[in-house]
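**Q** The structure is given below, and queries will be raised subsequently.
The values are calculated or read from the model by the stated rules, or taken from the named source; none is laboratory data. Keep in mind it's a predicted model, so treat the numbers as computed, not measured. Cβ: placed from backbone, ideal geometry, glycine included. Neighbour counts: every protein chain shown.
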Amino acid sequence: MSKVKKAEGKLGVMVVGLGAVTTTFMTGVLMARKGLAKPVGAMTQYDKVRVGKGADKKYLKYDEIVSMATLDDIVFGAWDVYPENAYESAINCEVLKEKDINPVKDELEKIVPMKAAFDKNFAKRLEGDNVKECKDRWDMTEQLREDIRNFKKENGCERIVVLWAASTEVYVPVNEKVHYTLADLEAAMKADDKENIAPSMCYAYAALAEGAPFIMGAPNTTVDIPAMWEMAEKTKMPIAGKDFKTGQTLVKSGFAPIIGTRCLGLAGWFSTNILGNRDGLVLDEPANFRTKEVSKLSTLESILVPEEQPDLYTNYYHKVRINYYPPRNDNKEGWDNIDIFGWMGYPMQIKIDFLCRDSILAAPLCLDLVLLSDLAARAGRWGTQRFLSFFLKSPMHDYTKNEVPVNHLFQQYAMLKNAIREMGGYEADQELD
Ligand SMILES: NC(=O)c1ccc[n+]([C@@H]2O[C@H](COP(=O)([O-])OP(=O)(O)OC[C@H]3O[C@@H](n4cnc5c(N)ncnc54)[C@H](O)[C@@H]3O)[C@@H](O)[C@H]2O)c1
């Protein structure tokens, strides 16, 4: 029997950033609710997990195994640096055609962003002025907490989930003096330590303090620090991160296992992208790209491990580039050149050219991460949700204990299925489906 609390009442989904990804997510949910679009790519809406074994086995959708919030339960809220409402922003982002936005225009227009907790030093290329006046980082956090409480009350929500899908901030290296304990983190907020406390940390702290799970969709280190793990433990809330696994890294984490499973060698893997949306513009700034680079580079090393197979994976060259190229807007093109070697070391090449749509790939991840984090909270799970690694480029793990993240797509999928089974009161297992 499942011990998960039932998903009753409205679920407030408060997103940080009302840009390409989140307006595509919102529009899709609202259109699907009206039966005018299908939520393609969302595991929570389509995937079936086997429960039971042998003659008793059945394949069930997630909501047939555990109580899940439905699309109808969702109420959207947002914060952004720019004042445009979700309709205006969806039109400006040019991800979706107007004919796919207009049927839900009224609902989108009602989603007006609250003032952002923002500091230009963390995203220099943004010029918006829909920004909170804050005395210090502690005050920033307090104001966000008030926003969450007001939103919950005004919209009659039972539960809230906060999702960061705002711009990538500049890289904030983990600082043991500030980021290792909750007491130090709070002291730094009160001392207005602007260098070590990114605005995203204020959102995360505020969410957890208000009893809401927090998801980091960008590569920011926000909740990937021991102080936030302590906060999640104290508040008994789930956290997940970091960086949506959408295009190139999805391919990488699904394709690298082919090389590893077949015991082929790897000499190098060069990944490059062109994209022209605002995300691309922010990532054109070297300090912001650094955050993304760290996240993107981590994928291969835990799948093709040099120490485990020195003949095959020693010293392979792994490079990732992102180039801002306005004409493509949200339609990213990702190239991968993979230099492999086979029998007696003879070289071969694989080329992958993925003409993808960034926000079309990210929107279903937003839905899955939000619904599954809400599920985790109702199941009494707190702290880092490893079963959500499937959706993330750089899954959180306890690096203070030298824990290694799982990046292999199919191992991540096994973790996801087992978590759903366990929360549904079934046994986790390793059977082949
Ligand atoms: N689309 C993908 O495939 C993908 C994959 C992985 C990660 N991401 C990440 O998702 C994020 C969103 O991507 P996007 O294409 O929607 O970008 P976008 O630039 O269209 O939207 C981001 C929005 O966040 C706002 N913002 C920035 N700082 C803020 C703050 N402190 N508070 C509130 N709002 C703030 C910006 O004004 C902007 O409107 C980026 O960090 C991106 O790196 C996207």
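**Q** If you go through the stretch 86-98 one residue at a time, do you hit one that is buried (at least 17 other Cβ atoms within 10 Å of the Cβ), within 24 Å of residue 372 (Cβ to Cβ) and polar (S, T, N, Q)?
**A** No.
**Q** A further question on this structure: Give the stretch 260-301 a look and list any residue that's within 30 Å of residue 128 (Cβ to Cβ) and either part of a strand (DSSP E or B) or more than 14 Å from the ligand (Cβ to nearest atom) (or both), or say none.
**A** Within the stretch 260-301, 272, 273, 274, 275, 286 qualify.
**Q** Does residue 20 satisfy the criteria of being over 24 Å from residue 149 (Cβ atoms) and surrounded by fewer than 24 Cβ atoms within 10 Å (Cβ to Cβ)?
**A** Considered against the rule, which asks whether it is over 24 Å from residue 149 (Cβ atoms) and surrounded by fewer than 24 Cβ atoms within 10 Å (Cβ to Cβ), residue 20 comes out as no.
**Q** Okay, next question. Under 9 Å by Cβ, and 6 or more places apart or on different chains, what pairs join a residue from the stretch 265-288 that is on the phi < 0 side of the Ramachandran plot with one that is modelled with pLDDT under 80 and of a type in the set (Gly, Ala, Ser)?
**A** 273/280; 274/280
**Q** Testing residue 153 on (1) buried (at least 21 other Cβ atoms within 10 Å of the Cβ); (2) within 26 Å of residue 378 (Cβ to Cβ), one condition comes back false. Which one is that?
**A** (1)
Rundown of residues vs (1) outside any helix (DSSP H, G or I); (2) within 9 Å of the ligand (Cβ to nearest atom); (3) in contact with a helix residue (DSSP H, G or I) (Cβ under 7 Å, 6 or more places away or on another chain), yes/no style:
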| position | (1), (2), (3) |
| --- | --- |
| 112 | yes, no, no |
| 124 | yes, no, no |
| 128 | yes, yes, no |
| 133 | yes, no, no |
| 140 | no, no, yes |
| 145 | no, no, yes |
| 150 | no, no, no |
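**Q** Please specify each residue of the stretch 339-358 satisfying the condition of being under 26 Å from the mean Cα position of the chain (by Cα) and among the hydrophobic types (A, V, I, L, M, F, W, C).
**A** Within the stretch 339-358, 352, 354, 355, 356 qualify.
**Q** List the number of the failed condition for residue 171; all other conditions in (1) crowded, with 19+ Cβ neighbours inside 10 Å; (2) farther than 26 Å from residue 317 by Cα hold.
**A** Just one mismatch for residue 171, condition (2).
**Q** Working only within the stretch 22-70, note down all residues that are without any contact (Cβ under 8 Å) to a residue 60 or more places away in the chain and either within 16 Å of the ligand (Cβ to nearest atom) or more than 28 Å from residue 431 (Cβ to Cβ) (or both).
**A** 32, 33, 35, 38
**Q** Taking the criterion of being assigned to a loop (DSSP other than H, G, I, E, B), under 16 Å from the mean Cα position of the chain (by Cα), hydroxyl-bearing (Ser, Thr, Tyr) and within 27 Å of residue 26 (Cα to Cα), would at least one residue in the stretch 380-392 satisfy it?
**A** no
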